[in-house]
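Everything below concerns the one structure shown next.
The values are calculated or read from the model by the stated rules, or taken from the named source; none is laboratory data. All of these numbers come straight from a predicted model, not from anything done at the bench. Here the Cβ is made from the backbone with ideal geometry for all residues, glycine too, and neighbour counts use every protein chain on show. Just the protein is used for accessible areas: all its heavy atoms, side chains included, with ligands, DNA and RNA removed. Shrake-Rupley method; radii C 1.70, N 1.55, O 1.52, S 1.80 Å.
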Amino acid sequence: MKNKCDFYMDKFLALDKGERIPLSVSLHLLKCKNCRSQVRLLTKSEKLFSKYAKSSSGENSASVKKIIEQIAPDYNPEKYKVTIFQWIIYGILLTVGIFFFIIFARTTQLQAFITSISLAGALCGYSALFVGTNLDFFIKKIDSLNKTSEKGLQEF
């Protein structure tokens, strides 16, 4: 039993922060109270440490910029930046295009089915690209919501 717990704790500790926990580890944590309490204590200690840890991002950012300039002197992060405004415009154009196609298309039943599947795929692809490229924004938003709810619970 101890060997099995060590195996699953090693798997858990090998994960990066925010990485999805594998199903086998999750099942073991549901069954094993000892491992579950260890994980809970590790999570609490990480939160406490991150609260009091001071980051020296000012010093590191200059050194990171120097390293990037040495590796890729032509790199410009602003060049690849896509704004939310552009996503909104493309989404509106996609929606207008879909409605235009639906209104003016004269199709048979099979063609209508294939077209609807294609349009659904386009919408899913657009949504996936939007969320995937703006994932940092969504994570920060969720994290800030969690912090405000924790603050409200502490005040309560």
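Going by the structure shown, is residue 15 part of a helix (DSSP H, G or I), at pLDDT 70 or above and either more than 27 Å from residue 3 (Cβ to Cβ) or not small (Gly, Ala, Ser) (or both)? Answer is no for this residue.
Residues checked against (1) open to solvent by 80 Å² or more (accessible area, probe 1.4 Å); (2) modelled with pLDDT under 70; (3) acidic (Asp, Glu); (4) out of contact with any His (no Cβ under 6 Å at 6 or more places or on another chain):
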{"residue": "74", "(1), (2), (3), (4)": "yes, no, yes, yes"}
{"residue": "86", "(1), (2), (3), (4)": "no, no, no, yes"}
{"residue": "116", "(1), (2), (3), (4)": "no, no, no, yes"}
{"residue": "122", "(1), (2), (3), (4)": "no, no, no, yes"}
{"residue": "153", "(1), (2), (3), (4)": "yes, yes, no, yes"}
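When the stretch 11-52 is filtered for residues that are of a type outside the set (A, V, I, L, M) and open to solvent by 100 Å² or more (accessible area, probe 1.4 Å), the ones remaining, listed by number, are 16, 17, 20, 31, 33, 40, 44, 47, 49, 51, 52.
When the test is whether a residue is of a type in the set (Ser, Thr, Tyr), under 27 Å from residue 135 (Cβ atoms) and touching a residue at least 12 places away in the same chain (Cβ under 8 Å), residue 24 passes it.
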